[in-house]
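J.: Below is a structure I'd like to ask you about.
The values are calculated or read from the model by the stated rules, or taken from the named source; none is laboratory data. Nothing here was measured: the structure is a model prediction, and the numbers come from that model. Cβ sites come from the backbone with ideal geometry, for glycine too, and all protein chains shown count toward neighbours. Just the protein is used for accessible areas: all its heavy atoms, side chains included, with ligands, DNA and RNA removed. Shrake-Rupley method; radii C 1.70, N 1.55, O 1.52, S 1.80 Å.
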Amino acid sequence: MPRLNSPAELEEFRKGILSKRDPDKPSIAICAGTGCLALGNDRVIATFEKEIKKRSLGAKVDIRATGCHGFCEKGPIVVIYPEEICYIQVTPEDVPEIVSQTVVGKKVIDRLIYTSPDTGEKTAHQSEIPFYKNQIRNLISNNTKIDPKSIDDYLAVGGYAALAKALSKLRPEQVLEEIKKANLRGRGGGGFPAGLKWETTRNAPGKEKYVIVNAHEGEPGAFMDRALFAGNPHSVLEGLIIGAYAIGSHQGFIYTRHDSPQLRNNIAVALTRAEEYGLLGENILGSGFDFRVEVHLDVGIFVSGESSALMRSIEGKNPEPRPKYIRTSVSGIWEKPSNLNNVETWANVPQIINKGSEWYAGIGTERSKGTKLISLSGNIVNTGVVEVPFGTTLREIVYGIGGGIPNGKRLKAIHFGGPMGGAIPESLLDTPLDFDELAKLGAPIGAGGMLVLDEDTNMVDVTRYFLDFLTNESCGKCVPCREGTRQMLKILTRMSEGSGREGDIERLEEIAEVAGAASLCALGKTASDPLLGALRYFRGEYEAGIREKKCRA
């Protein structure tokens, strides 16, 4: 493995990689994301390898097991480059025909390409499929082109150019200023300006500072961080190193799930390769900047993704939240200043440094800049990972990308933010994707889980489901959360069974107010948000559960 000792050496090495790659050489990109893995893509990959070997095409055709392609509904997905022919729902039995007809014969197999369920129109190229065509994929586009275990693949698409630029041409405070001017807001849920958070940690007393990737992503229905991190781990790592340089940190942590072996493996390989290439460790690219990264695994509970609980977990303690008046940016891991951002936030950083804050700030709305990854699920034709610019309306996402509601049903509501989010009715579907606009409506974006609900959905039951999850996941440290969620669940369960009582709604609102005001961490403070949002727009369903003594679910 070469050790790259300067930005100039990095660029020369990149040129060397590209010079050995024929852009016209056939390449088979097979989605190896979690969704496709569950659908048997490991057998598809093995069959392709066997077929290529049987035909003695190893020197003439490349095979890449790539990251998630996003269109989970139609996996396993295979894309043949350079023509970009996209085949959906591929089985091992399809492989010999794909190799003989498409890879060798340059012919399209009609039965394997996307067919519109509305018009019957067939689409052979991935970028022309409506699911992809209506997105702007700045963050996740390389997932379809690179092997996540290959640092050379990442370098070939321009990887680590932003790091080289930051270390050789920008002072740490200049990097920080670019992030602030871009108005990058945290994608983990709160939408807090990343530049201000970085600045707080940078200016906090003490020389030792830490930076952390929150890759926990524990909320139900959220899977975009895993898709991005497992599919392109170097993009997140590059952002983390740049952030560490700006903040003045020499130690980073990645906190991720213990139950995602593919993600853990891809992260481990990325860290090893980056260190071998001199992009991590001592004297990165000859700049004099040192930075190392440790990986820590969660303990299998939802609350360990909360910032202060996560930091306690890294310390080797129980992942219990600390009171919110203690700012982790000033007193985090081992009471040292610690900056925590989620996977998607860090992955935005190389884009900003490469293309400039002005370019980035030109995407999105006035206060929400850039693109947003969304996990699209529920009663929707096309489930998957979606990337759109802020300002895109929810209607465009549901119908232009998601393909609408299946089985001729009507849309009832959109729920954002998982178990601590909220739902808005169909009448607000023209609302733009925007941190502040959706928060005003009681449906904060959160990490980006978007659950689509059709006309048959009972909102009392939806709320009860989320409260059940949070009751089980509460750490139990504070009474308002531990007992408040339990009591709200008890009342909601009674109502969903058709045994609601007069006064139940008022009692729920009273408990929600106390838990929101007195709980230690965000779990307890926002546990009642789905309830309050549902009461705001669907109060009639709760009242009917009491008045009619039956459940509509």
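J.: Under a 1.4 angstrom probe, counting protein chains only, how are 198, 359, 334 ranked by accessible area, largest first?
T.: Values: 198 0, 359 80, 334 125 Å².
Order by accessible area, largest first: 334, 359, 198.
J.: Further question: Express in nm, to one decimal, how much length is gained between residue 111 and residue 18 on full extension, taking 0.36 nm for each residue of separation and deducting their alpha carbon distance. Intermediate values should be presented prior to the final figure.
T.: Numbers: separation 93, 0.36 × 93 = 33.48 nm, distance 3.46 nm.
Residue separation times 0.36 nm, minus the Cα-Cα distance, leaves 30.0 nm.
J.: Still on this structure, please answer the following. So if I place +1 on the C-beta of Lys and Arg and -1 on the C-beta of Asp and Glu, and nothing else carries charge, what would the dipole magnitude of the chain be about its Cα centre? I want it in debye, nearest 20.
T.: Using only the charged Cβ atoms, the result is roughly 580 debye.
J.: To the nearest Å, what is the center-to-center distance of segment 120-156 and segment 330-407, using C-alpha atoms only?
T.: First find each Cα centre; the distance between them is then 16 Å.
J.: Now a separate question. Between residue 514 and residue 177, how high is the FRET efficiency from 1/(1 + (r/R0)^6) when r is the Cβ-Cβ distance and R₀ = 45 Å? Nearest 0.05. Don't jump to the answer; show the numbers that get you there.
T.: On the way: r = 43 Å, r/R0 = 0.95.
The value I calculate is 0.60.
J.: Setting aside same-chain residues fewer than 8 positions from residue 317, which lysines have a Cα under 19 Å from its Cα?
T.: Correct list for residue 317: 336, 477.
J.: Heavy atoms only, probe 1.4 angstrom, no DNA, RNA or ligands counted: give me 290, 504 ranked by accessible area, highest first. Display every interim value, and only then the final one.
T.: Details: 290 65, 504 0 Å².
From most accessible down to least: 290, 504.
J.: Then there's this: Using a Förster radius of 56 Å, what is the FRET efficiency between residue 42 and residue 539 based on their Cβ-Cβ separation? Nearest 0.05, please. Numbers along the way, then the final one.
T.: Numbers: r = 48 Å, r/R0 = 0.86.
Rounded to the nearest 0.05, the efficiency is 0.70.
J.: What is the gain in length, in nm to one decimal, between residue 292 and residue 354 on full extension, counting 0.36 nm per residue of separation less the C-alpha to C-alpha distance? Working shown, then result.
T.: Working: separation 62, 0.36 × 62 = 22.32 nm, distance 2.27 nm.
Value of the extension gain: 20.0 nm.
J.: For residue 440, give me every one of the lysines with a C-alpha distance below 22 angstrom, ignoring sequence neighbours fewer than eight places off in its own chain.
T.: Within the straight-line cut-off, residue 440 pairs with 369, 372, 412, 525.
J.: Dipole size in debye (nearest 20) for segment 411-553 around its Cα centre, Lys and Arg Cβ +1, Asp and Glu Cβ -1?
T.: 560 debye
J.: Of 542, 399, 81, which has the most accessible area and how do the rest follow, probe 1.4 Å?
T.: On the way: 542 0, 399 105, 81 45 Å².
Highest to lowest solvent-accessible surface, that is 399, 81, 542.
J.: Treat each spin label as a single point 7 Å out from the Cα along the C-beta direction, and report the residue 60 to residue 91 distance in nm.
T.: 2.8 nm
J.: If each DSSP helix of 4+ residues adds -39,500 (n - 2.57) and the sum is divided by the residues in the chain, what number results at 222 nm, nearest 500 deg cm²/dmol? Numbers along the way, then the final one.
T.: On the way: 20 runs with 215 residues, N = 553.
That comes out to -11500 deg cm²/dmol.
J.: Take every Cα pair under 8 Å in the chain that's 6+ residues apart, average their separations, divide by the length, and report that relative contact order as a whole percent.
T.: Values: 1126 pairs, mean separation 74.8, N = 553.
Reported as a whole number, the value is 14 percent.
J.: Can you run phi through the Karplus equation (6.51, -1.76, 1.60; θ = phi - 60°) for segment 374-383 and list ³J(HN,Hα) in whole Hz, with x for Gly and Pro?
T.: With the stated coefficients, segment 374-383 comes to 10, 8, 9, 8, x, 7, 9, 5, 10, 8 Hz.
J.: Scattering from the C-alpha atoms of the chain alone, worked out with Debye: what is log10 I(q)/I(0) at q = 0.09, 0.13 1/Å?
T.: -0.70, -1.35
J.: Can you find, among 445, 224, 384, the residue sitting farthest towards the positive end of the charge dipole of the chain, where Lys and Arg contribute +1 and Asp and Glu -1 at Cβ?
T.: 224
J.: Starting from the Cα of residue 334, move 7 Å in the Cα-to-Cβ direction to define the label point; list residues of segment 217-257 whose amide nitrogen is under 11 Å from there.
T.: In segment 217-257, the label zone of residue 334 (backbone N under 11 Å from the point 7 Å along Cα→Cβ) covers 251.
J.: Work from the charge dipole of the chain (Cβ charges, +1 for Lys and Arg, -1 for Asp and Glu, about the Cα centre) and give the residue of 263, 534, 252 farthest towards its positive end.
T.: The one lying farthest along the dipole's positive direction is 252.
J.: Which FRET efficiency, nearest 0.05, do residue 427 and residue 169 yield, Cβ-Cβ r, R0 56 Å?
T.: The calculated FRET efficiency here is 0.65.
J.: Tell me, in nm to one decimal, what length is gained between residue 127 and residue 409 on full extension, where the rule is 0.36 nm per residue of separation less the Cα-Cα distance? List each step's numbers first, then the result.
T.: Numbers: separation 282, 0.36 × 282 = 101.52 nm, distance 2.82 nm.
Gain in length upon complete extension: 98.7 nm.
J.: Can you spot the lysines whose alpha carbon is less than 25 Å from residue 20's alpha carbon? Ignore those fewer than 8 places along the same chain.
T.: Once the sequence-local lysines are set aside, what remains near residue 20 is 50, 53, 54, 60, 106, 145, 149, 165.
J.: For a quick check of understanding: with a 1.4 angstrom probe and all protein chains in place, what accessible area in square angstrom does residue 171 have, to the nearest ten?
T.: Roll a 1.4 Å probe over it and residue 171 shows about 130 Å².
J.: Could I ask something else about it? Once you put a point 7 Å from the Cα of residue 494 and another 7 Å from the Cα of residue 361, both along the Cβ direction, what distance in nm separates them?
T.: 5.5 nm
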